Amino acid sequence: MLKLDKFHEECGVIGIFGHAEASNLVYLGLYALQHRGQEGAGISSSDGKQFFTEKGKGLVADIFSEKNLKRLPGHIAIGHNRYSTSGSSTLRNVQPIVANSSMGLLGIAHNGNLVNADELRAEIEEEGAIFQSTSDSEVIIHLIARSRADGFHAKVIDALQTVSGAFSLVLLRNNELLAVRDPLGVRPMSLGQIDGAYVVASETCAFDLIGAKYIRDIEPGEMLIINSEGLRSLRAIHSPRRAFCVFEFIYFARPDSYIFGGYNVNEIRKEFGRQLAREAPVEADIVIPVPDSGVPAAIGYSEESGIPFDFGLIRNHYIGRTFIEPRQNIRHFGVKIKLNPVRELLEGKRVVVVDDSIVRGTTSQKIVKMLREGGLAREVHMRISSPPTIGPCFYGIDTPTRQELIASTHSVEEIKKHITADSLSYLTLEGVRNIVPNPEDFCAACFDNCYPISFPGESMQQLELMFGR
Ligand code: AMP
């Protein structure tokens, strides 16, 4: 039986080898990668003899202190930010996962989602193994430990050839750091250097914070072995094609990062906005973003259309994930707790609102209502800088089931009515393909239902039923 929590994993990973301040640098890198996961975080370090691990639930700032960072000595460290919206958000699932094996202690931190992890787990459990967590990463550890291949590196390759899905992962062993990216390269991962030490991270924004220099991406199917002998690259897993996640460009990655061959996320998002303005022009007085994710596309829309840009919605950045809406005797807060309109800018105006995506349609509906309330905006035109989201992601982006994705069951006209906008337009898939470099190298399954990694033993329909929340 597939486990529900598999559907919710978006994560950030980082690893560093050969630096006296390894765990401090990993800690800082986790701050930069916080947007990739807010559920929990952890760091494991090694001094070549022993392993040290500190982890907790919540944000990096809540988990780490001077005191527990001191408990992470050594010149190698790996770190992980975990994202989970519901289900098993127990501390046991917070990574890195560390286990003892015949090859000594192993630590693993993984971003992505394996599609055959449950089958593999069931097989391994059948043979008597005991799991500490429900995380996919532990399956990889078991597979490495049980592999009959000769030598540690061969065992890792053997294990990773058995799993199917998306993985950008770092592995820590006594005196080395391994970094591997799945054969299709679904999730990003880059290599950098700082003070002669090597660092790998999900996104280059982590390098900027610690002052590391970006060298290159880790290639799909590549395994990097970093130890006292330096850096070695192995073409570990046959890579038949690429399937970079287009949603990283649309929503998930940070705008200051360079991903998928060194392309700046902000520039791509602005281009999406420009293309959207060409595809879906409208007469209006002001372009405003839904902050933060809609900002670059809104700037692009404004530049291309000549309609002035401004911040018409102000976001409260301090709500946190634990906000509980009071239920009794207090009016419904809705999206207001997070966003508030700037009356001065919007009163009597024809407003273009740019957001990166519509998932269930709740955010857009509330925003349109808020912008009209009390005679504020005269017209509200919603512009979305991605195509209609019609398919759930099985490779690591948190999306609801197909039935809950409003665009899978409603036409654009119906969605426009639902969110009560004067007009609604999405960027076309052709528009996206015109902008991303080498579009054939991308997975856009959430927009076109073409899933590049098949699901062993399950039909898509069965899978969606099981993944239903
Ligand atoms: P919804 O209200 O369900 O239509 O969600 C749309 C909003 O969620 C947009 O403002 C997006 O920026 C944001 N969004 C899109 N994808 C995700 C995701 N995977 N996790 C969290 N937020 C998202």
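Overview of results
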| quantity | calculated |
| --- | --- |
| Spacing of the two label points (7 Å from each Cα toward its C-beta) at Lys336 and Ser423, in nm | 3.0 nm |
| Segment 113-186: C-alpha gyration tensor shape, a/c 1.5 cut-off, then a/b vs b/c | oblate |
| Carbon + sulfur, % of accessible area of segment 360-415 - ligands and nucleic acids excluded, 1.4 Å | 52 percent |
| Karplus-derived 3J(HN,Hα), 6.51/-1.76/1.60, for each residue of segment 389-397, Hz, glycine and proline x | 7, 10, x, x, 9, 10, 10, x, 9 |
| Fraction of accessible area attributable to carbon and sulfur, segment 12-240 (%, probe 1.4 Å) | 49 percent |
| Solvent exposure of segment 19-166 as accessible area per residue, Å², 1.4 Å probe | 38 Å² |
| Overall form of segment 388-447 per C-alpha gyration tensor (a/c, 1.5; a/b vs b/c) | oblate |
| Interchain or long-range residues, amide H under 5 Å from Phe442's placed H | Phe244 |
| Positive-end extreme of charge dipole, segment 12-240 - chosen from Ser239, Ile130, Ile210 (charges on Cβ) | Ile210 |
| Estimated distance in nm for a label pair at Glu125 and Arg315, the labels positioned 7 Å out from Cα along Cα-to-Cβ | 3.8 nm |
| Estimated dipole of segment 122-184 in Debye, rounded to 20 [Cβ of Lys and Arg +1, of Asp and Glu -1, Cα centre] | 280 debye |
| Cα centre as origin, Lys/Arg/Asp/Glu Cβ charges: the chain dipole, Debye | 940 debye |
| Loop trypsin sites (Lys or Arg not before Pro), segment 121-191 (other Cβ atoms within 10 Å of the site Cβ: 11 or fewer; DSSP) | Arg148 |
| Global form of the chain, assessed from the alpha-carbon gyration tensor, a/c cut-off 1.5 | prolate |
| Note, ³J(HN,Hα) from phi for segment 424-440, Karplus 6.51, -1.76, 1.60, rounded to Hz, x at Gly and Pro | 9, 9, 10, 5, 7, 5, 4, x, 4, 5, 5, 9, 6, x, 6, x, 5 |
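The values are calculated or read from the model by the stated rules, or taken from the named source; none is laboratory data. Source: prediction; values computed, not measured. Using ideal geometry, Cβ is built from the backbone for each residue, glycine included, and neighbour counts are taken over all protein chains shown. When the accessible area is computed, the model is the full protein with side chains, heavy atoms only, and any ligands, DNA or RNA have been set aside. Shrake-Rupley method; radii C 1.70, N 1.55, O 1.52, S 1.80 Å.
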